[in-house]
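A quick write-up on the structure given underneath.
Quick note: the coordinates plus some simple rules give every number you see, no bench work behind them. Bear in mind that the values here come from a model prediction, so they are computed numbers and not experimental data. We place every Cβ from the backbone using ideal geometry, glycine too, and count neighbours over all the protein chains shown.
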Amino acid sequence: MGEFFPNPIGANLTMTTRPPARQVAPDLHDRLRGVAVGAAIGDALGMPLEFKPPVPPARLVRAMTPGRLPAGAFTDDTEMALALADSLLEAKPLDADNLARHFVRWYETRPPDIGIHTATVLREISLGCAWQTASAAAHQAHPHSAGNGSVMRCWPVALAHRNDLPALLRDSRLQSDVTHAHHECLSACEFVNAAIFFLLAGHEPRQAVAAALEACAPPSTLRAVIEAAPRKARNELPNTGWVRHTVESAVWGLLTTRSFEDAVAQVVNLGNDADTAGAVVGALAGAAYGLSGIPAPWRSALRGEWPLGSGEQWDAARFAALAERLGEG
Ligand SMILES: [Mg+2]
């Protein structure tokens, strides 16, 4: 991105020769909109590549293509983010009971896509269990499981608390706790939203990652993964549903490219949990490059229904308007 973003650190992947999408630093509104639209686009672009092997670098998919859903359609990652956004628009700071009700409302529409851990927790809550009990029980049943089901949806907190870092960190953890209580899940959500916070404030990506690590002090294992990510080669990124792998892929994508398009295309083409890593890098790259840095064909292809079964159609303009509402006040 011209002189605004200096050379990425440790860029050791095949870069495209395309020029950066823009030369002028995006303003705050552009960045806010970029987070919401970027996350949904990363999800939709990754959707057809989910559970697939990595795509060879010479044949990267750079177009919205159909998979189990039509081309451009977003998945559960974005649906849960929209549930979180709806809750934040009703109560800020976040009211976890309110959020649990929003998640259960979504769960009861029988979404075609839902993580196993998330479904386990939401089923218990829908049957009358308190979220604290349901979440703790799922964690205790698989104490070493740290999935990416809360980091994939966490970005609305960064918009709602774009002026208040302590509140951002607290609500990032809290929204995870409702379904994903593992300490590494909580830390990953804090880190991603803190990075968005510093990107919104105009830090370049490498500075934003460093500032986020400073602000949220993640466990040493997660910190080491984040710090090493930009030096990884493509074939060293498993991109599984483990939260550590998702954050690793997203940081790698952000720090080894110089445009929204390259950041998101590189990450979703890792395959495996492509839509979730795409959503996370999409939120980060959207904050870095703004809505105006997102390729127009991707913006016009984005589509989906929210709430499920309502007939309400969502496009990029609607995500942009949501970002503005979340970022107000
Ligand atoms: Mg998904």
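Size descriptor for segment 226-319, Kirkwood hydrodynamic radius: 13.9 Å (Cα pairs only, one decimal). Left without a cysteine partner by the 4.7 Å Cβ rule in the chain: CYS129, CYS185, CYS216.
Rounded to the nearest 20, the Cβ-based charge dipole of segment 199-268 about its Cα centre (Lys and Arg +1, Asp and Glu -1) stands at 140 debye.
Using a ≥ b ≥ c from the Cα gyration tensor of segment 265-329 (square roots of the eigenvalues), is it rounded, prolate or oblate, where a/c under 1.5 gives rounded and otherwise the larger of a/b and b/c decides, a/b for prolate?
It is oblate, given that a/c is not under 1.5 and a/b is not larger than b/c.
Segment 123-219 has equivalent-ellipsoid semi-axes of 27, 14, 9 Å, by the square roots of 5 times the alpha carbon gyration tensor eigenvalues, sorted largest first. Relative to the longest principal axis of the C-alpha atoms of the chain, give the angle of the C-alpha long axis of helix 76-90, reported between 0 and 90° and rounded to the nearest 10°. Helix 76-90 and the main axis of the chain meet at about 70 degrees. Springs between Cα atoms under 10 Å define the GNM used for the chain, and in it the highest mean-square fluctuation of SER300, SER220, SER249 occurs at SER220. Working note: Cα atoms of segment 41-193, range along each principal axis, descending, whole Å: 46, 36, 29.
A Förster distance of 22 Å, applied to the separation of the beta-carbon atoms of ASN98 and ALA167, puts the FRET efficiency at 0.85.
Note on the chain: with charges restricted to the Cβ of Lys and Arg (+1) and Asp and Glu (-1), its dipole about the Cα centre is near 720 debye.
Compactness of the chain, taken as the C-alpha radius of gyration over 2.2 N^0.38 Å, stands at 0.89. For a test of the definition: using alpha carbon positions, the gyration tensor, and the 1.5 limit on a/c, classify segment 210-273 as rounded, prolate or oblate. Here segment 210-273 falls in the oblate category.
Between GLU305, GLU236, GLU50, the GNM of the chain built on Cα springs shorter than 10 angstrom shows GLU236 fluctuating the most. Once each part is reduced to its C-alpha centroid, what is the distance from segment 58-93 to segment 264-281 in angstrom? Distance between centres, Cα-based: 12 Å. Each of TRP242, THR256, ALA201 was scored by the projection of its Cα onto the charge dipole of segment 155-269, and the greatest displacement toward the positive side belongs to THR256; charges sit on the C-beta of Lys, Arg, Asp and Glu. Across segment 77-198, C-alpha contacts under 8 Å between residues 6 or more apart give a mean separation that, scaled by the residue count, equals a relative contact order of 29 percent.
Working from the Cα coordinates of segment 55-122, the gyration tensor eigenvalues give, after taking √(5λ), semi-axes of 30, 15, 11 Å in decreasing order. Here the scattering of segment 134-277 is modelled by Debye summation over its C-alpha atoms, one equal scatterer each and no solvent; at q = 0.14 Å⁻¹ the log10 of I(q)/I(0) is -0.60.
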